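Asks: The structure under discussion is supplied below as structure tokens; questions concerning it will follow.
The values are calculated or read from the model by the stated rules, or taken from the named source; none is laboratory data. Since the structure is predicted, the reported quantities are computational estimates derived from the model, not experimental observations. Reconstructed Cβ throughout: ideal geometry from the backbone, glycine too, with neighbour counts over all protein chains shown. For accessibility, only protein heavy atoms count, side chains too; no ligands or nucleic acids. Shrake-Rupley method; radii C 1.70, N 1.55, O 1.52, S 1.80 Å.
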Amino acid sequence: QVQLVESGGGLVQAGGSLRLSCAASGRIFSDNGMGWHRQAPGKQRELVASVTSGTTNYANSVKGRFTISRDNTKTTMYLQMNNLKSEDSAVYYCYGRLDVRYYWGQGIQVTVSS
């Protein structure tokens, strides 16, 4: 069973930067099915960044500030978050794809203080 482990979250000051990592036990991060969601209390889950059919998309709320990437082994995916705002505080979930199955991380907390 493929497992995903997220790291890099925590508390950061507004305007600062943070990089989330998602390490998988398989080569699941391809250009056709990988990305990051986030969910804050009282708000709907938001697709922050994704790569599908070779195309990268970002939510308008993070466009220009966040960048999704992966290593060349396709086993680790990253979310670089710059110029963080209090509105970015949420639990972040990574996902990847292997064949037709999707796998999700357990979620990691990001808290941005003002």
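Asks: Here is a check on your reading of the model: is ALA14 over 12 Å from TYR93 (Cβ atoms), open to solvent by less than 30 Å² (accessible area, probe 1.4 Å) and either at pLDDT below 95 or out of contact with any Gly (no Cβ under 6 Å at 6 or more places or on another chain) (or both)?
Replies: Judged against the criteria, ALA14 is not a match.
Asks: For SER30, indicate whether it is closer than 19 Å to TRP104 by Cα, small (Gly, Ala, Ser) and free of Cβ contacts under 8 Å to residues at least 24 places away in the same chain.
Replies: Here the answer is no, as SER30 does not meet what is asked.
Asks: Give the residues of the stretch 25-51 that are over 24 Å from SER86 (Cβ atoms) and open to solvent by less than 20 Å² (accessible area, probe 1.4 Å), sorted by residue number.
Replies: Those that are over 24 Å from SER86 (Cβ atoms) and open to solvent by less than 20 Å² (accessible area, probe 1.4 Å): GLY26, ILE28, PHE29, GLY33, MET34, VAL51.
Asks: Filter the stretch 52-71 for residues that are among the small types (Gly, Ala, Ser) and open to solvent by 20 Å² or more (accessible area, probe 1.4 Å); which is nearest to the chain's Cα centre (by Cα)?
Replies: Ranking the qualifying residues of the stretch 52-71, first place goes to SER69.
Asks: Only one of these is out of contact with any Pro (no Cβ under 6 Å at 6 or more places or on another chain), at negative phi and at pLDDT below 95: ASN57, ASN32. Name it.
Replies: Values: ASN57 fails: at pLDDT below 95.
Exactly one of ASN57, ASN32 is out of contact with any Pro (no Cβ under 6 Å at 6 or more places or on another chain), at negative phi and at pLDDT below 95, namely ASN32.
Asks: Still on this model: Specify which of the listed residues (LEU84, LEU79) is modelled with pLDDT of 95 or more, open to solvent by less than 70 Å² (accessible area, probe 1.4 Å) and over 21 Å from LEU4 (Cα atoms).
Replies: LEU84
Asks: Being closer than 21 Å to VAL12 by Cα and touching a residue at least 12 places away in the same chain (Cβ under 8 Å), is that true of even one residue in the stretch 48-56?
Replies: Filtering the stretch 48-56 for residues closer than 21 Å to VAL12 by Cα gives 48-49.
Right, trim to touching a residue at least 12 places away in the same chain (Cβ under 8 Å) and you get 48-49.
Yes, the conditions are met somewhere in the stretch 48-56.
Asks: Moving to a separate point now. Here are the criteria: (1) surrounded by 17 or more Cβ atoms within 10 Å (Cβ to Cβ); (2) in contact with a helix residue (DSSP H, G or I) (Cβ under 9 Å, 6 or more places away or on another chain); (3) more than 18 Å from ILE108 (Cα to Cα). Tell me which single one LYS74 does not satisfy.
Replies: All conditions pass for LYS74, except number (2).
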